[in-house]
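Q: Let me begin by handing over the structure; questions about it come next.
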Amino acid sequence: MENTVYHELANHLDRLPGGFPSTPDGVELKILRHLFTELEARLACCLTLIPETTPVVAYRCGLKEDLAGTMLEAMWHKGLILKHAPKGKSPRYLASQFVVGIWEFQVNRLDPELVADMAAYIPVLFDADAWRRAPQMRTIPVNRSIDPKLPVLPHEGAAALVRNKDHFVISPCICRKEQRMAGHGCDGPLEACISFGDAGSYFVKSGIGRPVDRQTVLDLFERADRAGLVLQPSNSRDPAWICCCCGCCCGVLRTIKTYPKPAELVATPFVARLRAGLCTGCGICVGRCQMGALTLNDKAVQLDPYRCIGCGLCVSTCPTGALRLTRKSRSRQPRVPANMATALLRTAWKRKKIGPLLVAAEIGKSQRDRYLSSRRSKRDALEKDRCR
């Protein structure tokens with residue numbers, strides 16, 4: 001019975017946009033057993049990407065509303081599901097994909113066994129073909145690397161991305177924390193993840209992150225540049241988060257780095273160009289490049305454009321201006337979805353996990369359960385009145 005419910009949960013998570021593929025040794029099931037109780041796993045399987053109230057979820061799962069409400073809140077506090085709570089309205093719960101999602105919320109619940117299991121699972125979890133078609137994150141350049149003459153769209157600059165945001169939360173990077181627990185990684189800043197909206201609210205209410213002002217975020221961008229960290233927002237023009245990542249800790253960059261042509265996997269509109277005549281061979285850029293795109297041979301730097309992800313870390317500290325960012329040709333520039341909802345749908349579509357018929361079926365099921373749960377609530381209320 002235990003194996004059945006965790007297999008069901010694994011299949012349920014794999015149907016979500018980010019995916020949750022199976023492995024021969026079942027390490028993904030070990031991770032789920034570590035995070036979910038059997039009852040929580042059963043309840044998680046009843047949630048969809050459509051936000052629904054407690055009575056609806058309770059009806060679908062065959063649970064009493066009080067029990068369902070208690071469990072849903074507990075699961076949200078554990079970072080296992082998502083919650084949308086508009087002011088003055090009942091909270092609505094929805095499924096959370098594993099990455100980016102459930103895993104990042106476990107930053108304060110890590111232990112050596114869980115870290116080891118996740119390290120074994122990441123190479124399978126990262127689907128290069130799916131990521132190439134619809135990445136969950138993209139790369140933007142650090143501010144100092146942007147030439148004033150370089151055409152940059154509003155969603156391609158870090159400062160511009162936070163200009164219209166009102167609430168900011170900084171939280172620890174789970175990837176850096178994982179690597180440190182395993183005795184690897186670097187000494188980059190631990191507080192390196194910036195969240196907005198519902199994700200930010202969760203980090204604050206769970207005690208993981210802290211609210212900050214816009215200037216603190218801008219200062220973090222500068223500190224990330226000095227530390228040689230890549231800026232990676234969620235892949236939408238209106239991002240839900242921005243992470244400051246390195247090639248030795250970040251699960252995404254660490255995996256992409258193992259491929260011969262990382263540039264083909266990362267969504268970025270820029271690429272570095274080297275003017276060899278200006279290079280003095282100081283080698284600063286070689287140490288800052290997170291993808292190994294730069295090498296120093298005979299006191300001269302060589303650039304492999306197939307490994308360049310356009311982060312600008314080499315440009316911002318080049319003393320002679322030998323390195324600069326240029327825009328890729330229009331055909332090579334990635335399409336950036338308008339918002340997170342569009343981005344998730346696009347990811348699911350590219351992974352062939354969603355289609356018009358499936359969307360219609362999910363909406364129909366939700367409407368049916370809302371109607372039936374409403375009838376049950378009215379019936380229960382009448383029975384209570386009769387008992388009085």
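The values are calculated or read from the model by the stated rules, or taken from the named source; none is laboratory data. Quantities reported herein were computed from a predicted structural model and do not represent experimental measurements. Note that we place each Cβ from the backbone using ideal geometry, even for glycine, and neighbour counts take in every protein chain shown. Quick note on the areas: whole protein, heavy atoms, side chains included, nothing else; ligands and nucleic acids left out. Shrake-Rupley method; radii C 1.70, N 1.55, O 1.52, S 1.80 Å.
Q: Suppose we filter Gly251, Gly281 for residues that are of a type outside the set (A, V, I, L, M, F, W, C) and within 14 Å of the chain's Cα centre (by Cα); which single one remains? Show your work before the answer.
A: On the way: Gly281 fails: within 14 Å of the chain's Cα centre (by Cα).
Of Gly251, Gly281, the one residue that is of a type outside the set (A, V, I, L, M, F, W, C) and within 14 Å of the chain's Cα centre (by Cα) is Gly251.
Q: Ok, one more. Run Glu65 past the list (1) buried (at least 21 other Cβ atoms within 10 Å of the Cβ); (2) more than 26 Å from the chain's Cα centre (by Cα) and report the number of the one that doesn't hold.
A: Status for Glu65: all satisfied but (1).
Q: Still on this structure, I have one more. Across segment 164-189, what is the number of residues that are open to solvent by 60 Å² or more (accessible area, probe 1.4 Å), in contact (Cβ under 8 Å) with a residue 12 or more places away in the chain and under 21 Å from Pro239 (Cα atoms)?
A: Residues meeting the conditions: 1.
Q: Inside segment 254-287, can you point out the residues that are part of a helix (DSSP H, G or I) and either modelled with pLDDT under 95 or out of contact with any Ser or Thr (no Cβ under 9 Å at 6 or more places or on another chain) (or both)?
A: Within segment 254-287, the subset part of a helix (DSSP H, G or I) is 254-256, 262-264, 276-278, 284-287.
The answer is Arg254, Thr255, Ile256, Pro262, Ala263, Glu264, Ala276, Gly277, Gly287.
Q: Mind checking whether some residue in segment 98-107 is surrounded by 14 or more Cβ atoms within 10 Å (Cβ to Cβ), modelled with pLDDT of 95 or more and in a loop (DSSP other than H, G, I, E, B)?
A: yes
Q: While we're on this one: What number of residues in segment 270-304 are open to solvent by 60 Å² or more (accessible area, probe 1.4 Å) and within 17 Å of Arg324 (Cβ to Cβ)?
A: Of the residues in segment 270-304, 9 are open to solvent by 60 Å² or more (accessible area, probe 1.4 Å) and within 17 Å of Arg324 (Cβ to Cβ).
Q: Are any residues in segment 1-17 over 17 Å from Gln106 (Cα atoms) and not charged (D, E, K, R), and if so, which ones?
A: Scanning segment 1-17 gives Met1, Asn3, Thr4, Val5, Tyr6, His7, Leu9, Ala10, Asn11, His12, Leu16, Pro17.
Q: With Glu113, Glu73 as the choices, which residue is more than 29 Å from Ile256 (Cβ to Cβ) and acidic (Asp, Glu)? If you could, list the steps in order and put the result at the bottom.
A: Working: Glu113 fails: more than 29 Å from Ile256 (Cβ to Cβ).
Going through Glu113, Glu73 in turn, the sole match is Glu73.
Q: Among (1) more than 22 Å from Val336 (Cβ to Cβ); (2) open to solvent by 10 Å² or more (accessible area, probe 1.4 Å), there is one condition Gly228 misses while meeting the rest; what is its number?
A: Exception for Gly228: condition (2).
Q: Moving on. If you check every pair at least six apart or on different chains, which have Cβ atoms under 8 Å apart with a residue in segment 311-339 that is more than 23 Å from Gly247 (Cβ to Cβ) and among the hydroxyl-bearing types (Ser, Thr, Tyr) first and a residue that is open to solvent by 20 Å² or more (accessible area, probe 1.4 Å) and not in a loop (DSSP other than H, G, I, E, B) second?
A: Correct list of pairs: Thr320/Leu278.
Q: Can you find a residue in segment 237-252 that is among the basic types (Lys, Arg), closer than 29 Å to Gly209 by Cα and surrounded by fewer than 23 Cβ atoms within 10 Å (Cβ to Cβ)?
A: Yes, that holds for at least one residue.
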